[in-house]
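Asks: I'd like to ask some things about the structure below.
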Amino acid sequence: MIVIDIEKKMRAYEGHRLLQVKAEVTSNSITRITGPSGSGKTTLLKIIAGLTYPEKGKILTNSITWLDTDAKLNLPPQKRKCGFVFQGYALFPNMTVKQHLEYATSDQEWISELLHFAKLETLIRHKPEYLSGGQQQRLGIIRALAIKPQILLMDEPFSALDVEMRQLMIPQLKVLIGKIEATCLIVTHNPQELDEIADNSIYIK
Amino acid sequence: MDWSPIWLTLRLAAITTAILLVIGLPVAYWLSKGRSIFKIVIEAIITMPLVLPPSVLGFYLLIAFSPQHGLGLWLQQHFNIQFVFSFQGLVLASVIYSMPFMIGPIKSALQQLPISLSQASYTLGKTELQTFIKVLLPNMRASLLTAIVLTFAHTLGEFGVVLMIGGNIPNVTRVASIAIYDSVENMDYATANSYSLLLFAITFVIVIAVFVFNKRAAKSPLE
């Protein structure tokens with residue numbers, strides 16, 4: 001169970017706006033996060049991962065406190081080890097596909113499985129600049145999965161995939177998430193694409 | 001022609017560049033993160049040699065490390081180190097004088113890398129040091145090379161600071177730029193020309209090599 005109760009001031013076009021989220025997410029479930037642009041969906045994921053900090057709030061995962069602003073407790077992102085799929089992929093330009101995965105894990109069997117899932121087996125020596133947008137996005141997804149995270153945070157993870165690849169990957173992703181027993185939060189602008197796999201939804205105003 | 005000023009200059013430039021690389025990487029990384037007043041002051045101090053006349057810096061170093069009083073006397077008495085009119089003095093002056101040429105390009109390169117690269121590395125459980133070595137450094141190779149070459153080339157051409165703190169002692173502090181000045185003073189234009197040509201050739205080859213190495217990285221937005 002992840003318990004989230006946070007408040008963060010976000011910069012907006014005119015002044016500031018307040019991101020307020022109070023939610024409980026069941027373990028080993030898939031939750032989609034929706035809401036209008038600029039509502040703070042990405043910021044919420046970054047707060048959970050420890051990449052940005054709210055002014056006020058608490059985050060508990062399986063009864064372990066990751067963040068408690070009152071107690072001035074804040075677990076660094078390295079200790080949270082959330083798998084994170086970035087909206088802009090955030091791939092490392094100096095690394096090949098294989099090196100991305102080897103940077104995250106030394107489990108060669110798991111790397112092979114992930115490469116097969118993302119259909120990137122034939123591109124292991126390619127650097128990101130030689131991959132298409134869809135291939136880069138798939139690499140971003142499997143890099144996040146490589147650490148077998150307890151919590152997987154995905155920011156628009158299917159936006160660059162064509163319909164066919166999306167239909168193929170989404171059900172397989174559910175299987176992989178189930179296999180590593182991760183709790184998954186997915187930000188999406190297209191809630192329908194997750195109809196088949198999402199267990200819950202969070203709407204941010 | 002006496003080759004010792006050329007060797008001394010190359011030795012000074014190599015040692016200065018090596019020291020500045022070791023100092024410059026962590027300092028540039030620290031400066032690239034956040035913008036406190038303290039950091040702004042430190043950055044301004046590091047940048048001062050860019051705008052100060054070299055003789056000003058040389059003068060204050062001469063005063064500070066004079067073995068007659070203060071810090072210079074203390075270093076002489078306790079560690080038997082003398083920075084004035086010695087090769088180590090030249091190294092110290094060069095490190096201070098060339099510091100902005102090493103730190104500036106590295107800091108700018110670090111700030112231009114997307115923050116999401118570090119963030120992605122942290123979420124994979126990597127420390128700041130691992131991220132710096134495995135992710136940030138390899139993705140700013142061109143800027144790092146530029147910083148190294150700028151520092152090296154700038155040290156080759158030092159004159160004012162070197163003359164103030166080092167003087168003109170053959171085999172100790174008489175670097176190429178001093179030797180050129182000395183030759184001209186003695187109306188020995190042939191020797192001055194030889195040293196000048198050599199310095200020109202060395203720096204030209206270095207700069208061309210950097211441009212060739214960085215050719216791939218530098219793409220026009222119109223391509």
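Asks: Which one is nearest to the other protein chains (Cβ to nearest Cβ) among residues in the range B:105-135 that are crowded, with 17+ Cβ neighbours inside 10 Å and in contact (Cβ under 8 Å) with a residue 60 or more places away in the chain?
Replies: Restricting to residues being crowded, with 17+ Cβ neighbours inside 10 Å and in contact (Cβ under 8 Å) with a residue 60 or more places away in the chain, the top hit is B:F132.
Asks: Moving on. Report yes if B:G70 is of a type outside the set (A, V, I, L, M, F, W, C), out of contact with any Gly (no Cβ under 7 Å at 6 or more places or on another chain) and under 20 Å from B:S143 (Cβ atoms), otherwise no.
Replies: no
Asks: Sticking with this structure for a sec: Would you check if A:K22 is among the basic types (K, R), in a strand (DSSP E or B) and in contact (Cβ under 8 Å) with a residue 40 or more places away in the chain?
Replies: no
Asks: Take the range B:62-83 and flag every residue that is farther than 12 Å from B:M164 by Cβ, small (G, A, S) and surrounded by fewer than 17 Cβ atoms within 10 Å (Cβ to Cβ).
Replies: B:G70 - this is the single residue of the range B:62-83 that is farther than 12 Å from B:M164 by Cβ, small (G, A, S) and surrounded by fewer than 17 Cβ atoms within 10 Å (Cβ to Cβ).
Asks: Would you mind listing the helices (runs of 4 or more DSSP H) fully within the range A:67-172 where at least 2 residues are buried (at least 23 other Cβ atoms within 10 Å of the Cβ), modelled with pLDDT of 95 or more and within 14 Å of chain B (Cβ to nearest Cβ)? Give the steps one after another, and end with the answer.
Replies: Values: elements: A:77-80, A:97-104, A:108-117, A:133-146.
Ranges flagged: A:97-104, A:133-146.
Asks: Next up: Counting residues that are within 30 Å of A:F86 (Cβ to Cβ), which helices (runs of 4 or more DSSP H) fully inside the range B:98-211 reach at least 1?
Replies: Values: elements: B:115-123, B:128-131, B:141-156, B:160-166, B:176-185.
In the range B:98-211, B:115-123, B:128-131, B:141-156 are the helices (runs of 4 or more DSSP H) which contain 1 or more residues that are within 30 Å of A:F86 (Cβ to Cβ).
Asks: Applying the selection to the range A:73-130, what residues are of a type in the set (G, A, S), under 30 Å from A:L60 (Cα atoms) and under 19 Å from the mean Cα position of the chain (by Cα)?
Replies: A:G83, A:G88, A:A90, A:A104
Asks: A further question on this structure: Considering each residue of the range A:40-66, count those that are outside any loop (DSSP other than H, G, I, E, B) and either touching a strand residue (DSSP E or B) at 6+ places or on another chain (Cβ under 7 Å) or within 11 Å of chain B (Cβ to nearest Cβ) (or both), and give that number.
Replies: Adding up the residues that qualify gives 17.
Asks: From the list B:A209, B:A201, B:A153, pick out the single residue that is crowded, with 20+ Cβ neighbours inside 10 Å and of a type in the set (G, A, S).
Replies: After ruling out the rest, the residue left standing is B:A153.
Asks: I'd like to know if the range B:21-32 contains one or more residues that are of a type in the set (S, T, N, Q) and closer than 27 Å to B:S194 by Cα.
Replies: Scanning the range B:21-32 turns up no residue that is of a type in the set (S, T, N, Q) and closer than 27 Å to B:S194 by Cα.
Asks: Let me ask something else about it. Might you let me know whether the range A:176-191 holds any residue that is buried (at least 17 other Cβ atoms within 10 Å of the Cβ), in contact with a Pro (Cβ under 7 Å, 6 or more places away or on another chain) and away from chain B (no Cβ under 14 Å)? Please lay out each step first, then the result.
Replies: Step one: list which residues in the range A:176-191 are buried (at least 17 other Cβ atoms within 10 Å of the Cβ), which gives A:176-177, A:182-188.
In the following step, the residues that additionally are in contact with a Pro (Cβ under 7 Å, 6 or more places away or on another chain) were identified as A:182, A:186.
From what is left, the residues that are away from chain B (no Cβ under 14 Å) are A:186.
Checked the range A:176-191: at least one residue is buried (at least 17 other Cβ atoms within 10 Å of the Cβ), in contact with a Pro (Cβ under 7 Å, 6 or more places away or on another chain) and away from chain B (no Cβ under 14 Å).
The values are calculated or read from the model by the stated rules, or taken from the named source; none is laboratory data. Computed from a predicted model, the values in this text were never measured in an experiment. Neighbour counts are summed over all protein chains in view; Cβ atoms, including those assigned to glycine, are modelled from backbone coordinates with ideal geometry.
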